[in-house]
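Working notes, beginning with the structure itself.
The values are calculated or read from the model by the stated rules, or taken from the named source; none is laboratory data. What you see is a predicted model, and the numbers here were worked out from it, not measured in a lab. Virtual Cβ from ideal backbone geometry, glycine too; neighbours counted across all protein chains shown. Keep in mind that these areas ignore ligands, DNA and RNA; they rest on the heavy atoms of the full protein, side chains included. Shrake-Rupley method; radii C 1.70, N 1.55, O 1.52, S 1.80 Å.
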Amino acid sequence: MKTKQLSISIILFAWLAYLFSYMGRANYGACIVEIVATTGVSRATAGMVTSVFSLFNSFGQIGSGFLLKKIHPVKIIAAELFIVASINLLFPASNSFVIMALLWGINGAMQSTLLCSATKIFMETLKEPWLSKGAVMLNTVGAVGGTLNYVLTWFLIRYATWQTVFFTVSSILFAAGILWVIFMPKFTASASGQSAKASKSTDAKDSARKTAAPASTAGKTSLLSQLTRYGAAFMLAGCFMIGLMRESVSLWIPSYINEVFGLSSSLSIILTVFVPGFQVFGAILGGRLGRKMQNLHFPGCVVFAISGFCMGMLLLAGDFNPFLSVGLFVINAICMTAALTLSLSLFPIRFLAKEHAPMFVGILNFFVHAGDFFASAGIGWLSQYSGWGITFTILCTIAFTASVVYAVGGIYCKRELERR
């Protein structure tokens, strides 16, 4: 198989594995309005299930980096697909929210292995420009998976039950796991064979390594030493705030529309079905900004400022029209996906040594999901007991604070780049 075809096959299979796994986690958010309506639990209780997922996922991100040193990433993703499929099969049969939360926590722990494993597969098998393309492609999963989830959820809730959503996703994941086990080991083995034949001089001319930090080519360095350079610490803080502003906000869009405008659960879901789909434009925007600007902090500063403006508009005029509200949520989703692409996908492969990049991706993702952990239940609790006005005030403050954090990180990164 030619290098181009092999690279596309590896990216496609990793993307599909990530997509179907994402459907095995986002289906709960898509069903949450119906779950609250049919079970009678409060939004705060329902949000706790997502928070438990984020908690397990956050700490799993750290552990996945160490796991990759012992087990091949292809085997890790295969196990993840089958376990997540089993959890989605068991989840709707549970008769207790405690059991649901525990199952969803295990789901979060398993899904924490995905991004680190995919990043390691890419860095071991792909060359530029496919390496950057693969990294950006992974950030379109939330958009495509979210849209598919909402469409699937709307259809199945309309003609069946929310439990059917989980059974359907489980079947898809089992099929994906079988295909992964059959094909992906062959693709990675072929790519590794081609890489072994490539000369060291060709590797030195790799365009990605021209823009990488000196640590990428200056021999072995510690991960801790690299965390102190190029504003990496500010990226960690930024990822935490992305977690506060991204999925946790999108999770409660149907509930917001349902409560503020009095629309039915199914209509609230279908009205917001395309919100995740627009995240594709966020991944594209982040990828283009990353190609045009070597300092990735400054575009992060801009997109967070735009997000803060959207939260401010929701505070002032969010109850004016449901389409205006959805539009503002769309812009926020685009901005947060762009920030995630810059911070989580492009920053590690550009500024960190090859042996440390997958681990740093896990650390960054830990902060993303830590933010999501606090926000998922926090937004549900705030909206229920303090109202949406206070909720959007806090989110607006977070967004503008993140914009400042990225700006300061950009100053530090600029100084490092000028010293090169």
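Go through segment 160-197 and give me each residue that's open to solvent by less than 40 Å² (accessible area, probe 1.4 Å) and at pLDDT below 70.
Answer for segment 160-197, where residues must be open to solvent by less than 40 Å² (accessible area, probe 1.4 Å) and at pLDDT below 70: 193, 195.
Consider residue 61 against the criteria (1) touching a residue at least 60 places away in the same chain (Cβ under 8 Å); (2) open to solvent by 10 Å² or more (accessible area, probe 1.4 Å); (3) under 20 Å from the mean Cα position of the chain (by Cα); (4) closer than 20 Å to residue 23 by Cα: it satisfies all of them except one. Which criterion is unmet?
Of (1) touching a residue at least 60 places away in the same chain (Cβ under 8 Å); (2) open to solvent by 10 Å² or more (accessible area, probe 1.4 Å); (3) under 20 Å from the mean Cα position of the chain (by Cα); (4) closer than 20 Å to residue 23 by Cα, only one is false for residue 61: (2).
Which pairs have Cβ atoms under 7 Å, sit 6 or more apart or on different chains, and link a residue in segment 167-181 that is of a type in the set (Gly, Ala, Ser) to one that is open to solvent by 10 Å² or more (accessible area, probe 1.4 Å)?
170/89; 176/16; 176/20; 177/78; 177/82
Among the residues of segment 154-172, which ones are assigned to a helix (DSSP H, G or I), of a type in the set (Val, Ile, Thr) and more than 24 Å from the chain's Cα centre (by Cα)?
157, 164
Checking the condition open to solvent by less than 30 Å² (accessible area, probe 1.4 Å) and of a type outside the set (D, E, K, R), which residue from 315, 417, 340 passes?
Exactly one residue qualifies, and that residue is 340.
Out of curiosity, is residue 54 in contact with an Asp or Glu (Cβ under 8 Å, 6 or more places away or on another chain) and either open to solvent by 10 Å² or more (accessible area, probe 1.4 Å) or not hydrophobic (A, V, I, L, M, F, W, C) (or both)?
yes
Condition first: among the hydrophobic types (A, V, I, L, M, F, W, C), modelled with pLDDT of 80 or more and surrounded by 23 or more Cβ atoms within 10 Å (Cβ to Cβ). Now tell me which residues in segment 261-298 satisfy that.
Matches in segment 261-298: 283, 296.
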